[in-house]
1. Which of the aspartates and glutamates could be linked to Lys500 by a straight reach, that is with a Cα gap under 13 Å, when you skip same-chain ones fewer than 8 residues away?
2. Could you tell me the ratio Rg/Rh of the stretch 409-450? Both radii from Cα atoms, Rh via Kirkwood.
3. Work out from phi, with θ = phi - 60° and the Karplus expression 6.51 cos²θ - 1.76 cosθ + 1.60, the ³J(HN,Hα) of each residue of the stretch 43-56, listed in order in whole Hz, and give x for Gly and Pro.
4. Sequence neighbours fewer than 8 away in the same chain don't count; with that in mind, list the aspartates and glutamates whose C-alpha is under 14 Å from Lys182.
5. As a test of understanding, state the convex hull volume per residue of the stretch 105-270 from its alpha carbons, in Å³.
6. So between Phe355 and Val129, what do we pick up on full extension, going 0.36 nm a residue minus the alpha carbon distance?
7. Order these peptides, 76-88, 423-435, by their mean beta-carbon neighbour count within 10 angstrom, highest first.
8. Taking amide H atoms as placed 1.01 Å from N in the peptide plane, list the residues 5 or more away in sequence, or in a different chain, whose amide H sits under 5 Å from that of Ile19.
Amino acid sequence: MTIWQDLIAKSEAVKSRKIAEMFDNDNRAASFTRDSGPFMFDFSKTNIDAETLDLLVKLAADRNVQARAEAMFTGAKINETEGRAVLHTALRNLGGSVVVDGQDVMPEVRATYDRMVAFSRDVREGRFVGQGGAITDVVNIGLGGSDLGPAMATPALAPYHDGPRCHFVSNVDGAHIHDTLKGLNPETTLVIVASKTFTTIETMTNAETAKRWMAEKVAQPAAQFVAVSTAADKTAAFGIAAERVFGFADWVGGRYSMWGPIGLSLMLAIGPEDFADFLHGAAEMDAHFRTTDYAENLPVLLALVGIWHNQFCGYATRAVLPYEQRLSRLPAYLQQLEMESNGKRVSMDGKDLEFHSGPVVWGEPGTNGQHAFYQLIHQGTRVIPCEFMLGAEGHEPDLAHQHMLLMANCLAQSEALMRGRSLAEATEIMRKKGLEGAELERQARHRVFPGSRPSTTLLYPKLTPEVLGGIVALYEHRVFVEGVILGINSFDQWGVELGKELALALSPVLEGQSAGADKDGSTRQLVARIQTLRG
Ligand code: F6P
């Protein structure tokens with residue numbers, strides 16, 4: 001039998017076992033918890049036992065995860081469908097050298113980083129000004145990986161903000177840029193056009209809108225624009241001077257790009273020193289991932305727990321639940337990271353996958369989610385593994401009592417999910433309330449929690465720049481390990497192309513310049529109704 005088949009057999013054998021009962025006979029909590037740097041990762045509230053863990057670790061070894069990771073860190077072209085290296089780790093490990101196509105890429109990485117630092121200082125210290133004086137607001141226009149990273153990390157690190165206010169525009173819906181620019185002063189606003197390709201239609205359309213808005217008040221609007229892109233020719237054509245273009249190479253994938261120039265808005269908000277801490281936290285996680293045995297390795301274990309739940313237990317979705325309001329955009333960020341990376345249907349060699357690919361990822365910060373969708377997590381018919389995240393301290397010492405309540409809620413949820421409430425317990429509670437007979441039975445059944453619902457908890461001291469860097473790097477490597485085990489390319493995203501092509505073809509149809517004869521009946525009907533509604 002292969003390890004994969006062993007794991008299928010194991011999941012069948014243990015599927016009705018109660019997680020809570022696994023705590024009875026051994027030091028389970030400590031045995032299924034690992035520490036690294038500021039992080040404690042507790043996966044004891046899952047159905048994984050010592051034998052399962054052993055098999056999962058063997059699976060990682062069998063799939064050569066470590067060799068593949070080494071290939072990534074050293075610049076091999078592991079993104080095989082695009083013929084590219086995958087080197088976002090080089091953006092946060094600024095020492096040393098990494099060779100791609102016979103050339104050390106690090107001098108260029110360091111030079112760009114130094115330019116980012118110098119520019120951020122110029123803006124923050126008032127040497128780079130707008131027509132109306134010091135820059136008060138920064139508008140980052142980008143999409144997907146050119147938006148979600150800084151849009152997630154900037155509010156996450158709000159206690160560290162001492163630079164201009166940062167705003168993020170991504171949606172081509174004009175409402176987004178309209179509502180963002182409303183109330184801003186063009187004379188003191190800096191616009192960052194963040195697009196790896198500088199062709200993404202949503203971003204370029206919003207950038208043109210921002211330029212027109214700026215031109216109404218500012219004599220030289222392009223002077224208050226910055227570009228972050230790999231396409232120097234296109235940024236020049238847009239009118240942005242070379243000294244305000246921050247480039248990066250094609251070996252930085254969009255959803256892995258916030259460590260470099262795509263993170264410029266974050267650096268402007270928190271300053272180069274805190275940004276360096278953010279990089280440092282990620283670099284520490286890189287070192288841990290690269291050098292630690294599988295059974296002690298946080299990203300590997302997080303990946304193995306994910307694979308166990310998705311591929312072997314058949315749980316199709318995964319909830320990410322940070323008990324940290326400032327991480328409210330983290331679930332969206334992780335959605336792109338996981339689902340754009342591992343939402344594939346063929347393996348690296350182009351053959352159909354024989355198992356399901358990556359899970360559906362979703363979530364909200366606690367405690368908000370508790371009053372919305374936790375009902376289904378506790379009592380719905382599907383099992384949804386939950387990933388809790390929690391800081392032991394907040395940034396508001398005068399509100400420590402609120403933080404206690406937050407932590408109590410987080411711990412209570414994972415406890416409740418595991419323990420559940422039996423029919424006998426529910427019946428007793430309702431009996432004490434005075435119910436009896438058929439009504440007692442009926443009401444008690446509504447109050448039963450099946451329990452044995454798996455969760456993991458990632459605990460850290462406090463959400464600092466360093467910790468945030470570590471969390472994101474942890475999840476990046478987790479997604480990488482999952483991809484290696486599934487044998488897929490986690491670094492391309494061909495699945496977004498068809499919709500883009502069809503949208504381009506549909507614009508002239510909507511505008512009435514083309515009949516759209518090749519469109520299906522439903523699409524033609526929708527176009528016709530839109531045209532009628534718009535008169
Ligand atoms: O949606 C596909 C995608 O290519 C993402 O991977 C990327 O992050 C996003 O579009 C934005 O691309 P760009 O930075 O080239 O504008």
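No value in this document is a laboratory result; all are computed from the given coordinates. All figures in this text were calculated on a predicted structure; none of them were measured in a lab. Here the Cβ positions follow ideal geometry from the backbone for every residue, glycine too, while neighbour counts run over all protein chains shown.
1. Filter leaves Glu202.
2. 1.08
3. Values per residue, Gly and Pro as x: 10, 6, 8, 10, 8, 7, 10, 4, 5, 4, 4, 4, 5, 5 Hz.
4. Counting by Cα, and skipping residues close in sequence, Lys182 has these aspartates and glutamates nearby: Asp137, Glu216.
5. In the stretch 105-270, the Cα convex hull volume per residue is 103 Å³.
6. On the way: separation 226, 0.36 × 226 = 81.36 nm, distance 5.52 nm.
Gain on stretching Phe355 to Val129: 75.8 nm.
7. Going from most to least packed, we get 76-88, 423-435.
8. So Ile19 has HN proximity to Ser452.
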